Structures are given as structure tokens and as C-alpha cells.
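Quick notes on the structure that follows.
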Amino acid sequence: MDTFISMMEHSLFHQNDNLEPTHLIMWAGHSSYQNDPTECKLYFEGLRKAIENYCLNNSCNLMEEYDKLINEPERGLSLYFISFSEQEDDLTMWRGYGQNGDGISLGFDFDKLPGAPLMHLNDKNNPENNNYQLDTRLIYNRNYPIKCVYTEPNDIKIEEETCRRTIQNLQDKDNEWRDVIQHLIDSKEAPKYKHFKYEAEKEHRIVKIGEMPKFRKGKDGFPTPYIEVGIPISCLQQIIIGPCQASENNVKRVKALLCSKLLNIPVKKSIIPYRNKI
């Protein structure tokens, strides 16, 4: 609940000086600091095996090019995630991510993400209008969350199209842009693959590439990188109060907070009978 109240007080963004907030600023954590230490690594392990099998079946050798292009790629990926779940009111998720039932669940509908704004052309007659700059924190429909693919570490199956594009890129030795092409492929595909033991979470994630992160204090007390991501308020469709705080009085209190911020979002209680303080 502390995090939710802090978000309402400090993380609402008003685009173009709108009276009503237009975006909720959330933190996206770096891929190297997630609770799953295999983040992104499963993808690269699977990709290497797939390329090795291709070379074996086609009597060719692309591994030297592979090592030039993709050697220790995790160091070069500045990937940041915000994770979401299909499980909107699930006891396991409350225990693991919702302060053991004392927290809040935010329900989003990302089909409501807007399209990217049109390019702003220079106005020769009104030079003061040319100071327009896009806020890179804000997301659009091109940032639609990806659905995680759960895999067994000893049997990682990378999608055929990803393998085909990588093989083509490895073979195209004269293309001066192939390192950029591979970086784009890896940045899109690496975040998809997760250890199969996380499958119950039914995770989707917004992935952003960040070059200049901010830092917060991590659970270990050391600086942890993150970037800010602005999610349109129009995508926030409901709020669920955790099972250990689920009362009509608390629903009214949360609604009062939202009303003070000019937000009209449905609030409901968890239907799970659960007490964590016995």
C-alpha cells in the first residue's frame, strides 16, 4: 500500500499541462537485477545451440562469426522490464508480489495504448513552436507487452524466424550494420524466454532499451539501475485491494485518494479469504 500511495502522490504525469493526469510513471528494472538469475541467458544458450545444430546439419561453420557478433551479449543489452500477470487476483501472486496480501493490484488493458504521435515539422512562421520534444518515457502501441515463453533449460527452443534472421545476419559478412541488426533482434527476443518454473505467473512484460538509467537503493543496499516508463492512465482499468486489507471502508478510502487526483478508476476487493497475521 505504501508504494501505491507514493505513486499517486509523486508519479502522476500531466502531459501538455493537462489538469487531469495522463500517465502513471512506473519503474522498469534492469534485466540483470530481476529475481530470476536466468533472465536473457536462456535465450542466448538456446540460440547458440540452434546455430550449432544448423552448422552440423548444413556442413558449415558460423560459430566464429557467432562469437564475434554475439559473444557475452548480456553485457551489451541495456534492457529494462516492467512485469504484469494475467493472474489478477491470485493468492500465490499476492504472497510473492503483493506484500503477502496487504498490497494493491493494478489492472491494465494495453489494447488501449495510443498510436505514436506524428512527427512535428518545423514551423517557419512561429519559431517558438519548434521547441517540441517527445518525452521518451511515454509508451505507445509499439511498446505492447510481450508474452513470456517458458522453457526447460535443457531443451530451449528458439522460434524459427529468430534463428533464420540470425543465420542470415551471420552469413552477411559484408553488411556493416549487422551488429546493429543483431542487437535489435536480441533486444526483442531475449526478454521472452523464462525458466519454466515461473510459468504459473503467466507473465507479460513491457521491454524498453535504456541508455541513461537512474538508480535506487536495492534490497541488498547497493545502487540498482532503473528507468522511468509512462503508462497512459487510460490503460488503468481497475484496482484490487489485497485480501488482507479487503474491506468496504478501505475501498472508500482508496476511491477518495483517486478522486483527489481527478481519477475515476473502479476499485474492488480481493475475493480471496486470507489472513497473513495469525
#### Entry: Net charge dipole size for the chain [Lys, Arg +1 and Asp, Glu -1 on Cβ; Debye, nearest 20]
980
### Query
Roughly speaking, what is the stretch gain from residue 57 to residue 211, that is 0.36 nm per residue apart minus the C-alpha to C-alpha distance, in nm to one decimal?
51.5 nm
### Task
Rank these residues by their accessible area, most exposed first, probe 1.4 Å: 247, 187.
247, 187
### Query
In nm, to one decimal, how far is the modelled label at residue 14 from the one at residue 157, with both set 7 Å along Cα→Cβ?
5.3
### Task
Have a look at 218, 249, 195 and report the one farthest towards the positive end of the charge dipole of the range 153-277, computed about the Cα centre with Cβ charges (Lys/Arg +1, Asp/Glu -1).
249
### Query
On the accessible surface of the chain, probed at 1.4 Å, how many percent belong to carbon and sulfur atoms?
49
### Stretch gain in nm, segment residue 197-residue 5, where the contour uses 0.36 nm per residue and the Cα spacing is subtracted
65.9 nm
### Message
Quick check for you: with a 1.4 Å probe and neighbouring chains kept, what is the accessible area per residue of the chain, in Å²?
### Response
61
#### Entry: Identified option (computed Rg and Dmax of the Cα atoms in Å; candidates (i) 18.4, 58; (ii) 18.8, 62; (iii) 22.1, 70)
(iii)
### Query
Which aspartates and glutamates, on any chain, are close to residue 202 with Cα under 12 Å apart, when same-chain ones fewer than 8 places away are left out?
86, 88, 90
## Note on the structure
The size of the Cβ-based charge dipole (Lys, Arg +1; Asp, Glu -1) of the range 57-116 about the Cα centre, to the nearest 20 debye, is 160
### Message
Given the whole protein assembly as supplied and a 1.4 Å probe, what does the accessible area of residue 149 come to in Å², nearest 10?
### Response
50
### Computed FRET value (nearest 0.05) for residue 277 with residue 140, which takes r as the C-beta separation and R₀ as 41 Å
0.45
### Task
Give the accessible area for residue 239 in Å² (nearest 10); use a 1.4 Å probe, count only protein heavy atoms, and leave out ligands, DNA and RNA.
0
### Query
Once amide H atoms are built 1.01 Å from N in the peptide plane, which residues 5 or more positions from residue 138, or in another chain, come under 5 Å H to H?
230
#### Entry: ³J(HN,Hα), Karplus 6.51/-1.76/1.60, whole Hz, each residue of the range 35-49, x for Gly, Pro
6, 9, x, 8, 3, 6, 5, 4, 4, 5, 5, x, 5, 4, 4
### Residue (of 51, 19, 1) at the positive-pole extreme of the range 1-83, dipole from beta-carbon charges
51
### Task
With θ set to phi - 60°, apply the Karplus curve 6.51 cos²θ - 1.76 cosθ + 1.60 along the range 187-197 and write out the HN-Hα couplings as whole Hz, x wherever there is a Gly or Pro.
5, 7, 8, 4, x, 5, 8, 10, 4, 4, 6
### Query
Which distance in Å, rounded to a whole number, links the C-alpha centroids of the range 133-201 and the range 207-274?
28
#### Entry: Accessible-area value, residue 68, 1.4 Å probe, nucleic acids and ligands omitted, Å²
140
## Note on the structure
Sorted by accessible surface (1.4 Å probe, heavy atoms of the protein chains only), largest first, 212, 1, 7 come out as 212, 1, 7
### Message
Need one number: % antiparallel among DSSP beta bridges in the chain, to the nearest 5.
### Response
80
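The values are calculated or read from the model by the stated rules, or taken from the named source; none is laboratory data. The shown structure was predicted, so the numbers you read here are calculated from the model rather than taken from an experiment. Note that each Cβ is placed from the backbone with ideal geometry, even for glycine, and that neighbours are counted across all protein chains shown. Calculation scope for accessible area: heavy atoms of the full protein, side chains included, ligands and nucleic acids excluded. Shrake-Rupley method; radii C 1.70, N 1.55, O 1.52, S 1.80 Å.
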